[in-house]
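Q: Handing you this structure, nothing more for now.
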Amino acid sequence: MSRETRDFFTLRKPYEELSTPSEFWALVDGDDEKVLKDLLFRPDKLESVEPPKRWRVRNKKFCNVSFSKTLLSQIEFTDCHFEECLFTGSVIYDCRFNFCIFVNCNFYRARIQECFIDPKAFAECLDPKRHANIGVGLYQELLHNSRQQAQTEFTSYAQYKFVQWKRYLKRSEIRNSDAGRLVKLLKSIALVPSWLFELTTGSGMRLSNLAITSCVLLATITGINYFYCSTFGLSLQGDPVLTITEAFYFSTIVVTSLGFGDITPGTDLGRIVVAFEAIVGFLTFALLVSMTFRKITS
């Protein structure tokens, strides 16, 4: 086992052991900013002091702290920062994480149930090259949790990241396999469509990606129709299309399938290209409607 892998699963020494939950609560008492570092929480449970009321932990930074194989229950963390912490095999139940950040934390086989937690808090949690399998498990838990709790604002992002980390895992498996270079290359090329779909549409779940892609697509089509207007034989009421404004107008009509017919291609090549542009525009619009409907009804 490499040093990087061992360190990610092991608490860095030296550290202090906490043998009772009361020792932990004494350390996090109060709302003042405080750094807790190099701690191993030994008990198998860390629960609210006054259940079912959630016990609050505010403005704390946890660095090199282990909660491995611990049940964390009915705790509300607010403005907390977790860095190089271990949650391996932990069960996080009925907790809230408000404005928290996780950096280089290990959630291997951790379970997250009935929690309020923003998946974006884990943006810096794992390295895609070394921890792809952990990332898939983590975002699967976050996706399941957000669906169970009907947290629609978190579900689409968690699903997007889950699909993305599955691609990371496939890439990692290809890189670490014993196959030859040619086989690895072919398998890597096979991942390109999923990467492009993720980039352009957020794997069909992020309207912001699709909006940017649509703008780029329209600008590209406008440029093609402007620079090759004479080749395509584009004419407006008998006069050749000469301005970028006319090319933009024509491109917009084509990709939205409105088809006013005042600008038409006059060559076979022009008709083929414009037909292809219309198909691309139709598919993009259909995907936009589908994503919007899914977002509204989710």
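The values are calculated or read from the model by the stated rules, or taken from the named source; none is laboratory data. The model shown is predicted, which means the values in this text are computed figures rather than measured ones. All Cβ positions, even for glycine, are placed from backbone atoms using ideal geometry, and neighbour counts span all protein chains on display.
Q: Please go through region 245-269 and pick out each residue that is touching a residue at least 12 places away in the same chain (Cβ under 8 Å), among the hydrophobic types (A, V, I, L, M, F, W, C) and surrounded by 14 or more Cβ atoms within 10 Å (Cβ to Cβ).
A: Scanning region 245-269 gives A247, F248, F250, V254, V255, I263.
Q: Of all residues being touching a Phe, Trp or Tyr at 6+ places or on another chain (Cβ under 9 Å) and of a type outside the set (G, A, S) in region 185-208, which is nearest to I174 (Cα to Cα)? Just the residue, please.
A: E198
Q: Going residue by residue through region 264-276, is there one that turns out to be under 30 Å from S156 (Cα atoms) and in a helix (DSSP H, G or I)?
A: No, that holds for no residue.
Q: Let me ask something else about it. From the list R206, R175, R181, R167, exactly one residue is buried (at least 16 other Cβ atoms within 10 Å of the Cβ), at pLDDT 85 or above and basic (K, R). Which is it?
A: After applying the criteria, what remains is R167.
Q: Further question on the same structure: Testing F24 on (1) more than 22 Å from Q148 (Cβ to Cβ); (2) assigned to a strand (DSSP E or B); (3) aromatic (F, W, Y), one condition comes back false. Which one is that?
A: Condition (2) is where F24 drops out.
Q: Right, another one. In region 133-141, is there at least one residue being assigned by TED's automatic domain parsing to the domain that holds E76, among the aliphatic types (A, V, I, L, M) and surrounded by fewer than 18 Cβ atoms within 10 Å (Cβ to Cβ)?
A: So far as region 133-141 goes, no, none of its residues is assigned by TED's automatic domain parsing to the domain that holds E76, among the aliphatic types (A, V, I, L, M) and surrounded by fewer than 18 Cβ atoms within 10 Å (Cβ to Cβ).
Q: For region 133-227, give me every one of the helices (runs of 4 or more DSSP H) that falls completely inside it and has 3 or more residues that are among the small types (G, A, S).
A: It comes to 152-176, 207-227.
Q: Now for a different question. Across region 214-237, what is the number of residues that are among the β-branched types (V, I, T) and surrounded by fewer than 19 Cβ atoms within 10 Å (Cβ to Cβ)?
A: Total satisfying the criteria: 4.
Q: Out of the residues in region 1-15 meeting the condition of being surrounded by 10 or more Cβ atoms within 10 Å (Cβ to Cβ) and more than 28 Å from the chain's Cα centre (by Cα), tell me which one is modelled with the lowest pLDDT.
A: Step by step, filter region 1-15, then rank; the result is R12.
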